[in-house]
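Take a look at the structure below.
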Amino acid sequence: MRPFLYQRASDSNMAVQALGAPAAANNPLTKATAQPLAGGTTLIDLMKLDVMRPATIVDINPLARAWSAIEPGSDGLRLGALAKMSDVAAHAEIQRSYPVIADSLKLAASAQLRNMATLGGNVMQRTRCNYFRDVSYENCNKRNPGSGCAAMDGVNRMHAVLGTSDQCIATYPGDFAQALIALDATVEITGKAGTRTMPFAQLHKAPGDTPEIETTLQPGELISAFSISGRWPRSVYLKARDRQSYEFALSSAAIALDVQDGTIRNARVALGGVATVPWRAREAEALLKGQKFDEALGQRVAEAAFADARGRRHNSFKIALGKRVVARALQQAVTMEI
Amino acid sequence: MTAAAPEPKANMGQSVPRYDAAAKVTGRATYASDMPLDNPAYAFLVTSAIAKGRIDRFDLDDAGRVRGVIDIVTHENAPKLKESKLFSNGGYAGTTIQPLKSAEIAHDGQIIAVVIAESYEAAREAANRVKVSYTAAAPSASFDSRGTTMAAAKGQNAQFKEDPAVGDFAKAFETAEVKLTASYDTPTQHHNPMELFTTSCVWMGDNLVIYEGSQYVYGLKNGVAEQLGIEADKVRVVNPYVGGGFGSRGSMTPRTAIIAGIAKRLNRPIKLVPTRDQGFTIATYRAETRHEIKLGANRDGRLVALRHEGAEVSSRPDAYCVGGTKTTTRLYACPNVDSLVSIVRADRNTPGFMRSPPEVPYLFALESALDELAVKLDMDPIELRRINDTTNEPINGKPYTSRSLMACFDEAAKAFGWAQRSPQPKSMSDGDWLIGYGCAATCYPTQMAPSAARVRLQRDGRTRVEIAGHEIGTGAYTVIAQTAAERLGVPLEKVAVFIGDSDLPPAPVAGGSNSTASTCSAVMMVCDQIRQRLFKAVMPSDSLADKAKETVGISPAPSTQAARGDRSLDLDKAFDALGVGVVEEYGEWKPEGAPLDSFQAMHTGHVRLIGGHAMKDQIAYAFGAEFVEVRVNRFTHEIRCPRLVGAFAAGRIMNPRTARSQLMGGLIWGMSSALLEATEIDERNARYVNDNLADYLVPVNADVPGVEVIMLSEQDDHINLVGAKGLGELANVGTNAAVCNALYHATGQRIRKLPVRLENIEI
Ligand SMILES: Cc1cc2nc3c(=O)[nH]c(=O)nc-3n(C[C@H](O)[C@H](O)[C@H](O)COP(=O)(O)OP(=O)(O)OC[C@H]3O[C@@H](n4cnc5c(N)ncnc54)[C@H](O)[C@@H]3O)c2cc1C
Ligand code: SF4
């Protein structure tokens, strides 16, 4: 860890000013000299590992009063970026109307982490790729653009099979983002020019040739809220992992369905643990629309979801696993009591 | 799971609460790096990013500019230290790879520089800014890597004396009615005790005090003195509490003498707190092993031939090896036995003891193979073990001092509900989950070592026990206090125990599960010396005193003078008769068969463990049986383990409460060593990859919802004064096999390579 300046943001204006200040060297965001601090469970961790070396930390927790809403309404849901994972997971109305959200949060990390961590920080969490997190490895395109990728032919059991590039195969590790992307969430962004919104699906960027650029956020911009329209009581989050708790997904599926008289009118399928970014399987969804569910359909959907998957030495199992997880999660969503 | 303390059965002590319970839960227990130091400087290690090669150059400009940096020590300016031999060759060291000696790099994460600064933060920052240029060579990572060498352990490791064999294995196997040949693999594992590998060194003139979590303060004291070239008397190691050891703190690591040397040069106390990932390479670990088992049996299940071949990885310079064939060749009756252990040298740090070093990997192989044989014979696996149960080990024909293996199987089977198992694989399920039941035997050698103790009794009954034992979380304080209270007949609350300090009378290494047997035997003997003096003072003749000392006032439970009524000794009278303020005795106890030099060795930090198969006319082991329920998800293939049940017999149980805790922790670890724990090695560069507690998986509470421990009554008068068999390393043995045996039952798939991950399940 290196010395840094700690600033407490008294309001959102001050926060974006402080974050935007040292503009020149500010590209990409992950290398920005000023970084916002929410729960700190990703940021401080990476600073201790010397992976992130911000000169300034802007503590945005004082904005919690304005930014930690949990507001389910008749036409949708609004979640403040500083709401704690644990509070959202435990919220009765979220559990009822958005089980996929409650479960994605409940099944993430540990109780201690969930009590500290915020929704905004959660979607911005960075990959667990061991080579990224260990600065003694030169070769990491995400950390050192152009240096190569140590994971490609290294130990890559946890790595992605979807959305990879020749530059980077790091998995996006979070759970909650799959629920957001499945439910077509919008993200509200507060910057110098005020607030703007965009589809959550546009927040993360696949690695391509620039794995160091992970989101479309600009320095000086903060996530202030997420919103979702409608209610999704028929939704599930299924997570397969090595141990029963406190463990990232090897493969997960966020499923949301609108079923009437046995016919699927609307379907959402998102995948976690297997892709470089929160992953929406739209081709798979298309197969479900207007259909009645049976096991064979579940199989076809699962196949479609992983049609483009590409495994490496240790992670090929995720393709077969991911398909079974999708099929099972669909089954659960179809049969769940609501 | 019930939290109530277990009720003692026959030949068990009381389930008194832990001596140090309040101190631990309130945070008052002081671990080595909690010790307040006067104006310390802080050390941070820089470790190598390559596993083989040499350092060409350091660029220290950037690091040196960090405010607060005092010194950066590399091989170019490191204090000169003497070498210490490997513990197995009569030295103290766990590795002979001495960092900071030259530019050579022998393994990943080798210490290559130590930054000293005014604060931990400055030291860490500067360490991050140290730039190193290497010339890297291609390292050999493990078994299958190019450039490794393999040779028989016998002849290269002084402690591995023989490959046990008897009869004519080849012929018997050839003609056996039923045969099995199978290979098994176990992974690299790291201890990861909660307490990091810290060390603090403080010089007072020519005297050095080391605060360091150690499982052997006398070994560390003598070893560091040897490396520094000073008298052992000038070194003191202090650690009233150790935050877990599991073997990782049994022998000296190179860090201690390095930090001591730098502290001397700077004339300032130095505190080193390495990181979790550095712990993977600056200490030892359990190396990966490979096994081939051949079993030949009659149709009725009787074994006629057994061969166990094992291979283990070690470092280039050191022939460390666990050689578990000494146990696996003796566990069951079999007239024709053969074995061979080999060591494969790779570019790795030297491995070392890890909780039940030989038994965990070697019994995985044997107990898995037995289950496979039971399947071939279409026989219940418990019955197969019953048929081959024995009172004498087959290699030399020596009798077991006591052996309750089958009693353990019967008790555990009953508690587990083994009778409800339908033997056919894949025949039990519950919704999404396939269910499997499996079992395996466990055993662990009963070992003892010479130990000294000093006990002081005051007129008011207050008692002080001093012994350089170790509280590694096992309950050492508690059982030592109980032993003194029982033997002297004073209330437990009046006993104060002082351990974890090399200025106290020597105790052996807290390893090989010998501590309770050794330290409590010494304490018991010294308490008897005190009793002897007291009784002599008040009895009219020596012979009456001798007689009284045998019978009077010895109570199995903590008791007060009053509770023993008129038969108790009047302390006031005895003290008056003796005319002294306190009665203090020092004594040295050694187990039967201990070598001649053992007391001398005890003082110079050399361990002389006696027991197990190496006793003269007998063989002593603790036994147990473990039962596991696994569940395999049909869809995700996730593997969970809702129930672990173990029954154990280990001679006298000194305290059922602390014993249960050991056995419970063992069962959990045993499950973990089958399903979770494995250090991943990047084959290309021989580096550990998942070197942190998020990625090196250990069980969380949700992984172990049901753990049941049963302790059987067992009396054994042939082992040591207190009649206790070590059980700290008993319960984590065999569990890995029980898990795989249960997985076979659940899925019909035999898995012979650990750890088992969901991707290994094919259903
Ligand atoms: C051992 C371990 C296990 C874990 N397991 C899981 C798991 O199973 N599933 C899972 O989903 N997660 C898991 N996590 C990750 C955890 O959920 C995240 O670390 C946490 O959600 C991050 O939130 P935070 O508020 O602490 O973020 P911080 O660490 O404060 O911030 C994270 C990043 O986001 C930026 N940031 C924070 N807030 C904002 C904002 N409002 N706008 C823009 N940028 C912002 C920060 O600058 C930083 O770069 C695990 C973490 C650990 C350490
Ligand atoms: S996968 Fe991505 S993050 Fe990991 S080493 Fe390769 S480039 Fe770096």
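Derivation of every value follows stated rules applied to the coordinates shown; laboratory data play no part. Please read these numbers as outputs of a predicted model, since none were measured by experiment. No Cβ is skipped: glycine too gets one built from the backbone with ideal geometry, and neighbour counts run over all protein chains shown.
Look at where the Cα atoms of the stretch B:121-195 and of the stretch A:1-74 average out, and the two centres are 46 Å apart.
Applying the Karplus relation 6.51 cos²θ - 1.76 cosθ + 1.60 with θ = phi - 60° to the stretch B:529-534 yields 3J(HN,Hα) values of 4, 5, 4, 4, 5, 5 Hz, where x marks Gly and Pro. For the pair B:ARG302 and B:ALA152, a Förster radius of 41 Å applied to the C-beta separation gives a FRET efficiency near 0.85, rounded to the nearest 0.05.
Listed by chain and number, the aspartates and glutamates placed with their C-alpha closer than 20 angstrom to that of A:LYS192 are A:ASP11, A:ASP59, A:GLU221; residues fewer than eight positions away on the same chain are left out.
Straight-line cross-link reach from B:LYS80 at under 14 Å between alpha-carbon atoms covers these aspartates and glutamates, not counting any fewer than eight positions away in the same chain: B:GLU226. Mean separation of Cα pairs under 8 Å and 6+ residues apart, divided by the residue count of chain B: what relative contact order is that in percent? For chain B, the relative contact order is 17 percent. Neighbours of A:LEU162 by Cβ distance under 13 Å: Lys/Arg scored +1, Asp/Glu scored -1, total +4. Ordered by the count of other Cβ atoms within 10 Å of each Cβ, fewest first, B:VAL25, B:VAL16 give B:VAL25, B:VAL16. The distance between label points at B:GLN532 and B:GLU762 comes to 6.8 nm (points 7 Å beyond Cα on the Cα→Cβ vector). Scalar couplings 3J(HN,Hα) for the stretch B:646-653, obtained by applying the Karplus form with A = 6.51, B = -1.76, C = 1.60 to θ = phi - 60°, are x, 10, 9, 10, 9, x, 6, 8 Hz; x denotes Gly and Pro.
Nearest-5 percent of antiparallel DSSP beta bridges in chain B? Here the antiparallel bridges make up roughly 75 percent for chain B. Taking a ≥ b ≥ c as the square roots of the eigenvalues of the Cα gyration tensor, the stretch B:106-163 is oblate, since a/c reaches 1.5 or more and a/b is not larger than b/c.
Compute the helix-to-body angle for A:295-305: its Cα long axis versus the longest principal axis of chain A, expressed 0 to 90° and rounded to tens. Approximately 30 degrees, to the nearest ten.
Computed extension length for B:VAL582-B:ASP233: 122.9 nm, one decimal, from 0.36 nm per residue of separation with the Cα-Cα distance subtracted. Note on chain A: antiparallel DSSP beta bridges, both residues inside, total approximately 80 percent of the bridges counted.
Measuring between alpha carbons in the structure, the pairs from A:LYS48/B:LYS85; A:LYS239/B:LYS414; B:LYS494/B:LYS725; B:LYS494/B:LYS536; A:LYS239/B:LYS426; B:LYS9/B:LYS494 lying more than 31 angstrom apart are A:LYS48/B:LYS85; A:LYS239/B:LYS414. Taking other residues whose beta carbon is less than 13 angstrom from the beta carbon of B:ARG652, and scoring Lys, Arg as +1 and Asp, Glu as -1, yields -2. For the protein assembly as shown, what is the percent of antiparallel DSSP beta bridges, rounded to the nearest 5? Percentage antiparallel, nearest 5: 75. Amide H contacts under 5 Å for B:VAL237: B:ILE210, B:SER502, B:ASP503, restricted to partners 5 or more places along the chain or on a different chain, H placed in the peptide plane at 1.01 Å from N.
Computed from the alpha carbon positions, the gyration tensor of chain A leads to an equivalent ellipsoid with semi-axes of 32, 25, 16 Å, biggest first. Size descriptors for the stretch B:623-756: radius of gyration and Dmax over Cα atoms are 17.1, 55 Å. Whole-Hz Karplus values for the stretch B:753-763 come out as 10, 9, x, 8, 10, 4, 6, 8, 8, 10, 10 Hz, taken residue by residue from phi with 6.51 cos²θ - 1.76 cosθ + 1.60 and θ = phi - 60°; glycine and proline positions read x. For chain A, averaging the sequence separation of C-alpha pairs within contact (under 8 Å, six or more residues apart) and dividing by the residue count gives a relative contact order of 17 percent. Close amide H contacts of A:MET52 (hydrogens built in the peptide plane, cut-off under 5 Å, sequence separation of 5 or more or a different chain): A:MET47. Spherically averaged projected area of the convex hull of Cα atoms, chain B: 33.4 nm².
Distance distribution P(r), the protein assembly as shown, all Cα-Cα pairs, bin width 20 angstrom from 0: 12, 38, 36, 13, 1, 0 percent.
Amide hydrogen proximity for B:LYS426: with H placed 1.01 Å from N in the peptide plane, the residues at 5 or more positions away or on another chain lying under 5 Å are B:ALA746, B:THR747, B:GLY748. Going from the fewest other Cβ atoms within 10 Å to the most, the residues B:SER142, B:SER404 appear in the order B:SER142, B:SER404. Estimated translational diffusion coefficient (Stokes-Einstein, Kirkwood radius over Cα pairs, 25 °C, 0.890 mPa s) of the stretch A:235-335: 181 µm² per second. Here the stretch A:5-62 is treated as a Stokes sphere of Kirkwood radius computed over C-alpha pairs; at 4 °C and 1.567 mPa s its diffusion coefficient rounds to 114 µm²/s.
Counting neighbouring beta carbons within 10 Å and listing from fewest to most, the residues B:TRP203, B:TRP669 come out as B:TRP203, B:TRP669.
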